[in-house]
Amino acid sequence: MFIEEIELTNYRNYEKLSLQFEDKVNVILGENAQGKTNVMESIYVLAMAKSHRTSNDKELIRWEEEYAKIEGRVQKRNGPLSLQLVISKKGKKAKSNHLEQQKLSQYVGNMNVVMFAPEDLNLVKGSPQVRRRFIDMEIGQVSAVYLHDLSQYQKILHQRNHYLKQLQTKRQHDQTMLDVLTSQLIQAAAKIVKKRFEFLVLLQKWAEPIHYGISRGLETLQIEYKPSVEVLETSDLSKMVDVYDEKFAKIREREIERGVTLAGPHRDDLAFFVNGKDVQTFGSQGQQRTTALSLKLAEIELIHSEIGEYPILLLDDVLSELDDFRQSHLLNTIQGKVQTFVTTTSVEGINHETLKQAATFEVSAGVIKKLK
């Protein structure tokens, strides 16, 4: 799949912008703070209905405007697809082929993207929240059911935390409501964790040989899920529910004392091992970067294997963060098969055929012109 055209209205620093893209590689050049990342972000937002840079949608709306609109035309294996996302202070409205989508979970997945930005190099050494976000965003693109379950879980979690806080401060004494919310939370939690286990098996399958190649055959990568409740990958849903039941019964008093939910998918983590050693703790910066790059390249192959089409790859200021060997490996992998967007301040020093053949745009003070 590839995006042919994008139109922005009142998006970030763009009042109006219309761009046509090549189906292979598109390079967006410009100094920092000129608006090149905003273009990249708009493609991501059109696909995912949320930004990778902020959780506050209001930041996407141009200063003193009421709404922002992103429209795109995508070519897929089974024909063209038009997408539209309107972001206002009241919320978001999404359309696919001019039909309004009742739920964003039905809209996400129409266009698949893989984003690789400098902050993704923190995937290994950053907080558990970064890794949970990574896994949720990736599964969500290939499974609308997962997005729905995750959304339900987050709603119930919010209600449960609110009720625990009321029990903690003695504004509530009846624990029957807590039982109901705990039961609902467990049902959603088991589905989420089951899907995460399944997804990581696939990610491991693709990431391991990629990492082996980038490390010149010297390193073997393993990915491990670290649940906050001792559920097993091999367990079925009913067994997982039983384990969660036991756990929540044990920590009930502590949760009331603390006024917060202490276990569940929102507390889980991932661990990465290279040659048996935890990369986060014992890995060099080079090993951490190779692991992050392997995961991103594995995502491309995984999405292709799941939906039969390659996703769109967004490389936001990341090439300058990689050494020549990793740069070449990345560009060789995508060559000729993945529509790719690259933002950078300069292509000097990046000597690769892929970039020589790319369509090039230059951004200066929110104005974009095509160079070739």
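The values are calculated or read from the model by the stated rules, or taken from the named source; none is laboratory data. Not measured: the values here are computed from a predicted model. All Cβ positions, glycine included, derive from the backbone under ideal geometry; neighbour counts span all protein chains shown. Areas reflect the complete protein model, heavy atoms only, side chains present, ligands, DNA and RNA absent. Shrake-Rupley method; radii C 1.70, N 1.55, O 1.52, S 1.80 Å.
Yes/no per residue for (1) under 24 Å from ALA263 (Cβ atoms); (2) among the hydrophobic types (A, V, I, L, M, F, W, C):
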| residue | (1), (2) |
| --- | --- |
| GLY109 | no, no |
| PHE116 | no, yes |
| LEU121 | no, yes |
| GLY126 | yes, no |
| LEU147 | yes, yes |
| GLN152 | yes, no |
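Kindly indicate which of LEU46, LEU19 is open to solvent by 10 Å² or more (accessible area, probe 1.4 Å) and touching a residue at least 24 places away in the same chain (Cβ under 8 Å).
Exactly one residue qualifies, and that residue is LEU19.
Mind telling me which of the residues SER346, SER305 ends up being over 22 Å from the mean Cα position of the chain (by Cα) and surrounded by fewer than 18 Cβ atoms within 10 Å (Cβ to Cβ)?
SER346
For region 102-124, which residues satisfy the criterion of being open to solvent by 10 Å² or more (accessible area, probe 1.4 Å), more than 17 Å from VAL318 (Cα to Cα) and not polar (S, T, N, Q)?
Scanning region 102-124 gives LYS103, LEU104, VAL108, GLY109.
Results for (1) in contact (Cβ under 8 Å) with a residue 40 or more places away in the chain; (2) touching a Cys at 6+ places or on another chain (Cβ under 9 Å); (3) among the hydrophobic types (A, V, I, L, M, F, W, C), shown as yes or no for each residue.
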position: TYR14; (1), (2), (3): yes, no, no
position: ILE61; (1), (2), (3): yes, no, yes
position: GLN106; (1), (2), (3): no, no, no
position: ASN112; (1), (2), (3): yes, no, no
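If you go through region 157-180 one residue at a time, do you hit one that is closer than 30 Å to LYS50 by Cα, exposed (fewer than 14 other Cβ atoms within 10 Å of the Cβ) and at pLDDT below 95?
no
Taking the residues in region 279-299 that are over 23 Å from the mean Cα position of the chain (by Cα) and free of Cβ contacts under 8 Å to residues at least 12 places away in the same chain as candidates, determine which candidate is most open to solvent (accessible area, probe 1.4 Å).
Per the stated criteria, the residue is PHE282.
For region 349-361, give me each residue that is surrounded by 13 or more Cβ atoms within 10 Å (Cβ to Cβ), under 24 Å from MET1 (Cα atoms) and of a type outside the set (Ser, Thr, Tyr).
Result: HIS352, LEU355, GLN357, ALA358, ALA359, PHE361.
Over 23 Å from LEU330 (Cα atoms) and buried (at least 20 other Cβ atoms within 10 Å of the Cβ): is that true of ASP268 in this structure?
When the stated conditions are applied, ASP268 passes them.
Run LYS369 past the list (1) open to solvent by 20 Å² or more (accessible area, probe 1.4 Å); (2) touching a residue at least 12 places away in the same chain (Cβ under 8 Å); (3) in contact with a strand residue (DSSP E or B) (Cβ under 7 Å, 6 or more places away or on another chain) and report the number of the one that doesn't hold.
Failing condition for LYS369: (2).
Checking ARG12 against (1) on the phi < 0 side of the Ramachandran plot; (2) at pLDDT below 95; (3) in contact with a Gly (Cβ under 9 Å, 6 or more places away or on another chain), which test does it fail?
(1)
Six or more apart or on different chains, Cβ under 6 Å: which pairs go from a residue in region 178-202 that's more than 17 Å from ARG252 (Cα to Cα) to one that's polar (S, T, N, Q)? Could you list them?
ALA188/GLN152
Specify the residue that is farthest from PRO265 (Cα to Cα); the eligible residues are those in region 181-203 that are open to solvent by 70 Å² or more (accessible area, probe 1.4 Å) and among the polar types (S, T, N, Q).
For region 181-203, the residue satisfying everything is GLN184.
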